[in-house]
Amino acid sequence: MLQFAVALLAATSVFSNNGEHLLALAGIGVVVLAVWLVCDFYYRRHRASGDQARRLLLVIRGWDEDVAELSVIQAGFTAPVSQLAPMSVEDYFATTAPAGTIRVSEMVDESAFFTADLQRRSGESMLLVLFFGLVGVVVAWLAFAPQLDGNARVIAARVLLAFGVFLLSSDVLGAAFAHLRSAASMDAIRLRLSAARGRRHPLGDVLQAMADYNAAVEGTPLPLPGIYKRRRTELGRAWAEYKLAMGIGASTAHAGSSGDAA
């Protein structure tokens, strides 16, 4: 939204040749840019903390391995962790497997299941915004351009071009493709985990899937706000069906497997 505000200011500037007005718009633009920089700083800091927490969860809860200087790592978190210590992995994931390759495989599979859907829906939503935005630009030009004189037509063209450039920028089109690439990566990871399940979860396969999952998640934008809320019921139903089919969470489903040891 802040990037859109900057684009809107740029488009607004074409309506005036008054130096004072242009100076005022430039000042507003600087303020908006400063706000964006602050928001981007806190967003990246919060995002980095979340990524670190996810990696720690996989190591500590998935593999049951200790991490040295854990308090130092947690000191950099942006959310309190005082209530996390007594909670088990089953409070967050459906798996009930003992620590090891099976547990980590099921944790990554569950995470990738939800991530793939939310990323795909986010990408599709952004493509819809892009499509209807560009259609609106074309329709507005066809509707109003014939009624404008030469100067007004040039101004209108500049405004529409500024809006079109924003829509085609990395904040819209690039983000949409990033969401869709992330969803495709999640699908590929889940296929690999399914194949690994048939081979009793080899350590190398699970470690590589875990690393690729973390890399894919950390390299893509966060899902759009409200996507999970709208998809919660349907996602929950789909996950329950998948979990039942795969035996995830069944207390006896993993007993005796040779893949339990990390």
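What length, rounded to one decimal in nm, is gained on full extension from Leu148 through to Glu218, with 0.36 nm per residue of separation minus their alpha-carbon distance?
Working it through step by step, the gained length comes to 20.4 nm.
A simple rule links phi to the HN-Hα coupling: the Karplus curve 6.51 cos²θ - 1.76 cosθ + 1.60 with θ = phi - 60°, which for segment 25-40 gives 5, 5, x, 4, x, 5, 5, 4, 4, 5, 4, 4, 4, 5, 4, 5 Hz, with x for Gly and Pro.
For the pair Leu203 and Leu191 in one chain, pulling the backbone fully straight at 0.36 nm per residue adds 2.7 nm over the alpha carbon distance. Close amide H contacts of Gly249 (hydrogens built in the peptide plane, cut-off under 5 Å, sequence separation of 5 or more or a different chain): Thr96, Ala97.
Remark: segment 42-59, residue by residue, has Karplus-estimated 3J(HN,Hα) of 5, 4, 5, 5, 5, 5, 4, 5, x, 5, 5, 5, 5, 5, 5, 4, 5, 6 Hz, where x stands for each Gly or Pro and the curve is 6.51 cos²θ - 1.76 cosθ + 1.60 at θ = phi - 60°. Protection proxy ranking, highest mean first, for peptides 237-248, 36-47, 217-228: 217-228, 237-248, 36-47, where packing is the per-residue count of other beta-carbon atoms within 10 Å, averaged. Model label sites at Tyr242 and Cys39, defined 7 Å from Cα along the beta-carbon direction, differ in position by 3.2 nm.
Each reported figure results from applying straightforward, stated rules to the coordinates on display, with no laboratory input. Values in this document were obtained by computation on a predicted structure and should not be read as measured data. Counting neighbours? That spans all protein chains shown, and the Cβs are built from the backbone with ideal geometry, glycine included.
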